[in-house]
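Computed from the coordinates by the stated procedures, all read-outs in this text should not be read as laboratory data. Bear in mind that the values here come from a model prediction, so they are computed numbers and not experimental data. Using ideal geometry, Cβ is built from the backbone for each residue, glycine included, and neighbour counts are taken over all protein chains shown.
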Amino acid sequence: MKRVYQKDYSDWSEYYYQYQYTLAKEHYIPYLINNDVKLGNISIIDIGCGNGGFISAFPKTSNKIGIEIKEFPWKNTENTSFEVHNILTQDNTKFIKKYDLVILRDVIEHIDLKYKEIFIGTVKNFLNENGKILVTFPPYFSPFGLHQQALMKSFLRKIPYLSLLPLSFIRILCRLFEDKEVLREIDEIVNSGMTISNFKSIIKCSDLQIYNEEYFSVRPSHEIRYGFKTKKTCFSKASSLRELFVLGASYIIEKK
């Protein structure tokens, strides 16, 4: 996949848009197509769409919407609309049983543990009869499952397995070397604690099933952002080891 360099863009927003667009176009769209998920002339919703680069890469022949809990400088893209909406706190009537594909790209790990089942149950209700959900996330106990490489600014961003430390110690480190906003975002990830086993349990309890799953020791996003070649893991079947050594999980989910 083509690497995207931040230095080639005038600001972070433009860089991140292109990174998301490239990630979708060069990895996740082929992944869905290779697993017989039709992408043309369908309805798609991207929940937690950020600035919209990911969903904008999907075919223009489909009706697409991206929703976020806050406003971004969204671009005008053909057959794509964006709006501010929180599915946990606002009325979702207009989204019910409407979509062939729901995208949750690196979103589920930001949802508090006590709301995860409600969140997934709500997303399930967005699907039409044969709809699919694309879910990706970095497992919490993986080397960078705390999102430190993206959230932190100090030397801590390069230290793996911070998520294995007690929360009290993580907070001390953040107070010493990071700002208050980083601490708030780290608290969000800790309170989510999105492990592979927990995710599978939630899917089972929500009367959903896994249609396809992939596990990576080097995520596709790392190839685009850092230049490391995407690599699937050899620990996909080892449930205890994969929590520690899988850096990224991808799933296609469907109704039972």
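Work the Kirkwood hydrodynamic radius out for region 1-148: mean of 1/r over every pair of different alpha-carbon atoms, inverted, in Å. Spell out each step's value before the answer.
Values: mean 1/r = 0.0623 Å⁻¹.
Kirkwood radius, region 1-148: 16.1 Å.
Expressed in nm to one decimal, what extension gain is obtained for the pair Ser154 and Lys70 from 0.36 nm per residue of sequence separation less their Cα-Cα distance? Walk me through the intermediate numbers first.
Working: separation 84, 0.36 × 84 = 30.24 nm, distance 2.67 nm.
Computed gain between Ser154 and Lys70 is 27.6 nm.
Once fully extended, how much extra length lies between Met1 and Phe177, figured as 0.36 nm per residue of separation less the alpha-carbon to alpha-carbon distance? Before the final figure, lay out the partial values.
Values: separation 176, 0.36 × 176 = 63.36 nm, distance 3.44 nm.
Length difference between fully extended and current span is 59.9 nm.
What's the angle, to the nearest 10 degrees (0 to 90), between helix 196-205's Cα axis and the longest principal axis of the chain?
40 degrees
Over the Cα atoms of region 148-256, how large are the radius of gyration and the largest Cα-Cα distance (Dmax), in Å?
15.9, 48
For q values of 0.18, 0.19, 0.24 Å⁻¹, compute log₁₀ I(q)/I(0) with the Debye formula on a Cα-only model of region 96-207, without solvent.
Debye intensities relative to I(0), on a log10 scale: -0.87, -0.93, -1.29.
As a test of the formula, what do you get for the chain when each DSSP H run with n ≥ 4 contributes -39,500 (n - 2.57) and the sum is divided by the residue count, at 222 nm and rounded to the nearest 500 deg cm²/dmol? Kindly include the intermediate steps, with their values, before the conclusion.
On the way: 10 runs with 85 residues, N = 256.
Theoretical 222 nm ellipticity from helices: -9000 deg cm²/dmol.
Ranked by Cβ crowding within 10 angstrom, fewest neighbours first, how are Cys234, Cys49 ordered? Before the final figure, lay out each step's value.
Numbers: Cys234 12, Cys49 25.
In order of increasing Cβ crowding within 10 Å: Cys234, Cys49.
Once the cut-off is 12 Å, how many percent of the Cα-Cα pairs in region 148-188 end up in the long-distance tail?
53 percent
Running a GNM on the chain with Cα contacts under 10 Å, which residue among Asp106, Asp11, Asp207 ends up with the highest mean-square fluctuation?
In the Gaussian network model the winner is Asp11.
Quick one: if you take sqrt(5λ) for each eigenvalue of the C-alpha gyration tensor of region 1-77, what semi-axes come out, biggest first, whole angstrom? Each step should come with its number before you reach the end.
Values: eigenvalues 94, 55, 17 Å².
Equivalent ellipsoid semi-axes, largest first: 22, 17, 9 Å.
About the Cα centre, and with charges only on the beta carbon of Lys, Arg (+1) and Asp, Glu (-1), how big is the dipole of the chain? Nearest 20 debye, please. Write down the numbers at each step before the final one.
Details: 35 positive and 29 negative charges, 121 e Å.
In debye, rounded to 20, the chain gives about 580.
How far, in degrees from 0 to 90, does helix 167-177 lean away from the longest principal axis of the Cα atoms of the chain, to the nearest 10?
Tilt relative to the chain: about 80 degrees.
What are the extents of the Cα atoms of the chain along their three principal axes, listed from largest to smallest and rounded to whole Å?
50, 45, 38
In percent, what relative contact order does the chain have, based on Cα pairs under 8 Å that are 6 or more apart in sequence?
On the way: 473 pairs, mean separation 47.8, N = 256.
The value is 19 percent.
Could you give the length gained by full extension between Glu83 and Asn130, i.e. 0.36 nm per residue of separation minus their alpha carbon distance, to one decimal place? All intermediate terms of the calculation are to be shown ahead of the outcome.
On the way: separation 47, 0.36 × 47 = 16.92 nm, distance 2.51 nm.
Here the segment from Glu83 to Asn130 would lengthen by 14.4 nm.
Under 16 Å from a label point 7 Å along Cα→Cβ of Ser43: give me every residue in region 75-111 with its amide N that close.
79-83, 92-103
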